[in-house]
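Working notes, beginning with the structure itself.
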Amino acid sequence: MKPRKTQRIKKLISKQENSDKATKQETKLNRRQFQKNLTGTIGALAGFHFLPALADKKLEKPTVAGIGIGGKGASDLTGASAAGFEVVALVDVFDTTKFKSDDRRVRRIQESRETFPEATFFQDYREMLSDMGDRVDAVTVSTPDHHHYHASAMAMKAGKHVYCQKPLTHGIGEARSLREIALATGVKTQMGNQAHANDHMRRCVELIRAGVIGKVKEIHAWTNRPIWPQGFSSAPKGQTIPDGINWDLWVGPAPWVDYSPLIAPFAWRGWWNYGTGALGDMACHIMDMGYWAMQADGSTPLAPTSVKAKQSGATKLSPPINSVITWDFDSSPYSSKKGFQFHWYDGYIDAKFEPETWTLKKESEEYNHPDSDVLDGYSFKNYGSVIIGEEGKLFFNRNRNNWVLKTSNHIDGFQWPEPSINRAREEDNYKEWYDAIDGKIDQSESNFSLAGPLTETILLGVLAQKHPNRELKWDRENMSVVGEPNLSKEIQRPYRDGWKI
């Protein structure tokens, strides 16, 4: 790789260090103006000329900023650092130098700051992008779901490569927009569904596409989640915001709610306004292999024609305690001529939300799963998905490489395909993202061109959960539910003042 222009970087650093506070205040863009300048009209891409300032650079050691540095954010930083990135900036609305907490996720925020003491700390990623300029080459986005879009879109339009946690976005329209921005800017992208980098997942995709179980008719995927509070009908009582927490920034583009430790730093997953429930949290992992196998390379993104959900426990504030969802798809090159169905199951069957303890209490260990005809005697607890073809079934668990093939005499004479999907270095998705930035490969396999449509499909299931027992017919081209114009605000929701794009 070509060496970084060391003298220029030293000059930039020196200039910042020597600037007094008054000058910095005068020259710093205020948040609203910076947002206006940086984001422009994200989503309205026609005619917009992007300048991916960093996307084509060859770097001696790419620099990364972590946006969200507790919980999963801490492990994303560790993974990026181990892959070869230099961590130069940290962003989190929780400033742990100003308060203490026993919450392990908050402790991890402090651990991230201690692990990377030379990195500059910010509470607002907009200020980080403005202040750090081209000293940041890439970002990891590990915030709550409702910030994924804004942080990723702003970073990409500033020429930064982006690794964003799953689900890629909080809303359907946002997922479509991030895919388009990634294509327009040419930056290297990756969604954080880590098992996508595993060799055994990629081999199963190759086998299904080669016809090892014949043309696919059905796909089933399931999880025991949610295991966090979900299904509540009223917000917890607001509390005084501790020093060091910028709650206005935490709420960001989403509707306002008063601060409570029962919301952040973790239980936000059980709020429609900030998270996407068990489906959004886990489906990007568990539905990934089946969806990927059905997606024809280089074709129009795979999209369902309709979706329908059954659920229990959902409220105006919170996702359901359990649900079963079915998407209908037209035929793909790997499915039956009639198309195929994708089925999702989540949640403990007899779980209940307890407001006194603000927990989800379950009476047994049984959670929603396919019936015995689908499972063919296999335990639902040993696998996470099964792909059913005209000639057999493939049982799969993303965490294990001992997938099971149950097939007919069709297997006799089957031509086992040569590997056709690039393998990630050391089966590590951070290293795969690094190699894309370094130019060793073109893109990570879970880049936004695949991750965007996958997320869009999953979030259609979220929309169906909000409107259960109704078939929602999907018009992908116009990004709308047929005959349901009233749902447009749920496909692309409005943002709070100061965050409008």
Cα gyration tensor shape of segment 446-501, rounded if a/c is under 1.5, else prolate or oblate by comparing a/b with b/c: oblate
Whole-number D in µm²/s for the chain (Stokes-Einstein; Kirkwood sum over Cα pairs; 20 °C, 1.002 mPa s): 91
Mean residue ellipticity (222 nm) of the chain, computed from DSSP H runs ≥ 4 via -39,500 (n - 2.57), nearest 500: -9000 deg cm²/dmol
Model label zone, Asp199; criterion: amide N under 12 Å from point 7 Å along Cα-to-beta-carbon; scope segment 388-411: 401
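Under a point-charge model restricted to the Cβ atoms of Lys and Arg (+1) and Asp and Glu (-1), what is the dipole moment magnitude of the chain relative to its Cα centre, in debye to the nearest 20? Write down the numbers at each step before the final one.
Values: 65 positive and 62 negative charges, 252 e Å.
In total the dipole reaches around 1220 debye.
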Net charge of Cβ neighbours under 10 Å - reference Ala464; Lys, Arg +1; Asp, Glu -1: +3
Potential extension, Glu471-Ser234 segment - 0.36 nm per residue separation minus Cα distance: 82.5 nm
Packing-based exposure ordering (other Cβ within 10 Å, fewest first) of Arg107, Arg126: Arg107, Arg126
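Mean Kyte-Doolittle of at least 0.0 and a Cα length of 24 Å or more along the axis: which whole DSSP H helices of the chain meet both? Please report the intermediate quantities before stating the final value.
On the way: long enough: 448-466 (26 Å, 0.98).
Both cut-offs are met by 448-466.
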Check: segment 375-438 dipole with +1 on Lys, Arg Cβ and -1 on Asp, Glu Cβ, in debye: 360
Protection-proxy order for peptides 185-192, 98-105, each taking the mean of Cβ atoms within 10 Å per residue, highest first: 185-192, 98-105
Length released on extending from Trp416 to Lys381, taking residue separation times 0.36 nm less the Cα-Cα span: 9.7 nm
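On a full-extension model of 0.36 nm per residue, what is the gain between Lys338 and Lys61, subtracting their alpha-carbon distance, rounded to one decimal in nm? Provide the component values of the computation, followed by the final result.
Working: separation 277, 0.36 × 277 = 99.72 nm, distance 5.00 nm.
Net length gain for the segment: 94.7 nm.
Within segment 454-496, report the GluC sites (Glu not before Pro) that DSSP leaves as loop and that have at most 16 other Cβ atoms within 10 Å. Write down the numbers at each step before the final one.
Details: sites: Glu456, Glu471, Glu477, Glu490; in loops: Glu471, Glu477.
Qualifying residues, ordered by number: Glu471, Glu477.
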Cα-based Rg and Dmax for segment 150-304, where Dmax is the largest Cα-Cα distance (Å): 18.7, 60
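Laboratory data are not the source of any read-out in this text; all were calculated from the coordinates shown. What you see is a predicted model; the values in this text were computed from it and never measured. Here the Cβ is made from the backbone with ideal geometry for all residues, glycine too, and neighbour counts use every protein chain on show.
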